[in-house]
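Here is the structure we will look at.
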Amino acid sequence: MNKLNVAVFFGGCSSEYSVSLSSASGVILNLDNEKYSPVMIGITKEGSWYYYDGPIDLLLNDTWYSSNYCTPAVLSPNHGEKSLLLLKEDGITKIPIDVALPVLHGRNGEDGTLQGMLEMADIPLAGCGTLSSALCMDKDRAHKLVSLAGVRIPRALVIKPETATESITAFTAQINYPLYVKPVKAGSSYGVTKVTDASQLLPAVSLAFQYDNLAIIEENIEGFEVGCAVVGNEELIIGEVDEIELSGGFFNFTEKYTLKTSSIHVPARITPEKAAEIKETAAVIYRALDCSGFARIDMFLQPDGKIIFNEANTIPGFTEHSRFPSMMKAAGYTFREILSKIIDLALSKYAQSKQLS
C-alpha cells in the first residue's frame, strides 16, 4: 500500500510558536508510519517557510531552522496541483501532498488563514475549515453563536483601545471582582489576567491589547473548568470529560504546560449523568461553531450544576500529555488511532465536497 503524504505544519508567526513545536513533535512521532509519510513544513517566527527533513529533537529545542535540513518552500496555490514547491538553488522540485494537518496554534495558523489557503489549493484539510477556525478563534463571536444554540455563556464586554474608561468601570461594577480580561483572539492564555481589584483593571486591559486589537472583560464563573475532546464530522466521538483542579489563580500559560500547582483529572470527578450532560453540551457547541475533524470544547461546571461555555480550541495541544489525547485515551483510543481517524475524516469530507461540486 502506498503511503499518504501528510503535510504537518508547525511553528508560525504567533505567540504560541513554541507550543506548536511541541505539538507537532507529538503528532509526527505518533503518526502511523505504515500508512503515512509526514511532510514537515516549518514556518519561522518571521514567517519564512521551509521544508524540513531533519530529526524531531531539533523541533523541541527550536534549532530546526538553523540546520542543514531546511529547504525554502511554498505551497502551490494552483487548484488541484496539491504540492509543496521546494525552492532549490538548481531549480524547483515538487513534493505531492495528499492531506494537510496544520499543527499551528493561535494567529496565522489556527484562525482560518492557513485553512483558507489550503482550501483554495484544493488540499484535503484535517480539522476545522476556514469559517469554523475563524469563529472559534474569536471569543466574542463564538460566545454569541453558542448562546443562540441555547448554551449559557459568561457575561462579557468587548472593548477597543478607544473605549471610554467610564464604560469599562460601569460594566465591572455590574459583575464585581474577580473578573478576567482577555484578548478576543489569542490562545494558551497569552495576555489573560485575573483581576481581583480595580487597581489591576487598566494594566490588565493594556496587556490584552498587546495581543489583539480587541479585548474582552468576562465575569468570573464559580466552579471548575471541564473539557471534551471531540472527533468527527457528522457522527461524533467524544472522549472522557476532564477536570482542571486549581490550587489558586487560573489556568494560565505556566499551569497549562507545567502543572506546577494544578492537576488534571481524567475522567472528571463528577457523576456519570453530569458527564453525559457535558458531552451533549460539547456536541451542541461543536455543531453550532461548524467544527469538523476535531476540536477541544472547554466549559465551566458551576456548583449548582449549570454548564457555561468557555471556548473552543480547533487545534488543541497535541503532546503525549496534552488534554486532548489524554481524554481520548481515557475513552479507549490511542494517540495513533485518533490521528488516523482525523486524517480519514479529512479525506472523507474532501470526497463528499467533490461530489457536490
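The values are calculated or read from the model by the stated rules, or taken from the named source; none is laboratory data. All figures in this text were calculated on a predicted structure; none of them were measured in a lab. Heads up, the Cβs are rebuilt from the backbone with ideal geometry, glycines too, and the neighbour counts pull from every protein chain shown. Just so you know, the surface numbers come from the protein's heavy atoms only, side chains and all, with ligands and any DNA or RNA stripped out. Shrake-Rupley method; radii C 1.70, N 1.55, O 1.52, S 1.80 Å.
Tabulated values for the structure
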{"item": "Candidate set from region 262-309 (those that are in contact with a strand residue (DSSP E or B) (Cβ under 6 Å, 6 or more places away or on another chain) and assigned to a helix (DSSP H, G or I)); member that is surrounded by the most Cβ atoms within 10 Å (Cβ to Cβ)", "result": "Ala282"}
{"item": "Residue, surrounded by the most Cβ atoms within 10 Å (Cβ to Cβ), within region 124-150, restricted to residues that are among the charged types (D, E, K, R) and in a helix (DSSP H, G or I)", "result": "Lys139"}
{"item": "Looking only at region 211-221, and only at residues there that are touching a strand residue (DSSP E or B) at 6+ places or on another chain (Cβ under 8 Å) and open to solvent by 30 Å² or more (accessible area, probe 1.4 Å), the one that is farthest from Ala288 (Cα to Cα)", "result": "Tyr211"}
{"item": "Search result, residues across region 33-63 that are of a type in the set (Ser, Thr, Tyr) and touching a residue at least 60 places away in the same chain (Cβ under 8 Å)", "result": "Tyr36"}
{"item": "Any hit, region 36-48, residues being of a type in the set (Ser, Thr, Tyr) and within 20 Å of the chain's Cα centre (by Cα)", "result": "yes"}
{"item": "Which listed residue, of Ala164, Ala170, Ala121, is more than 19 Å from the chain's Cα centre (by Cα), open to solvent by less than 50 Å² (accessible area, probe 1.4 Å) and modelled with pLDDT under 95", "result": "Ala164"}
{"item": "Restricting region 76-110 to residues that are out of contact with any Ser or Thr (no Cβ under 8 Å at 6 or more places or on another chain) and part of a strand (DSSP E or B), the residue that is nearest to Gly42 (Cα to Cα)", "result": "Pro102"}
{"item": "Conditions (1) modelled with pLDDT of 95 or more; (2) assigned to a loop (DSSP other than H, G, I, E, B); (3) open to solvent by 50 Å² or more (accessible area, probe 1.4 Å); number of the one not met by Asn68", "result": "(1)"}
{"item": "Region 1-20, subset modelled with pLDDT under 95, farther than 16 Å from Met117 by Cα and assigned to a loop (DSSP other than H, G, I, E, B), residue nearest to the chain's Cα centre (by Cα)", "result": "Glu16"}
{"item": "Condition check for Ser247: assigned to a helix (DSSP H, G or I) and either at pLDDT below 95 or not basic (Lys, Arg) (or both)", "result": "no"}
{"item": "Residues of region 342-357 satisfying the condition of being touching a residue at least 24 places away in the same chain (Cβ under 8 Å) and farther than 13 Å from Val6 by Cα", "result": "Leu345, Ser348, Lys349, Tyr350"}
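So that you can scan it fast, the table gives a plain yes or no per residue for (1) touching a Cys at 6+ places or on another chain (Cβ under 8 Å); (2) surrounded by fewer than 17 Cβ atoms within 10 Å (Cβ to Cβ):
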residue: Lys35; (1), (2): no, yes
residue: Met40; (1), (2): no, no
residue: Glu46; (1), (2): yes, yes
residue: Ile56; (1), (2): no, yes
residue: Asp62; (1), (2): no, yes
residue: Val74; (1), (2): no, yes
residue: His79; (1), (2): no, yes
residue: Asp90; (1), (2): no, yes
residue: Lys94; (1), (2): no, yes
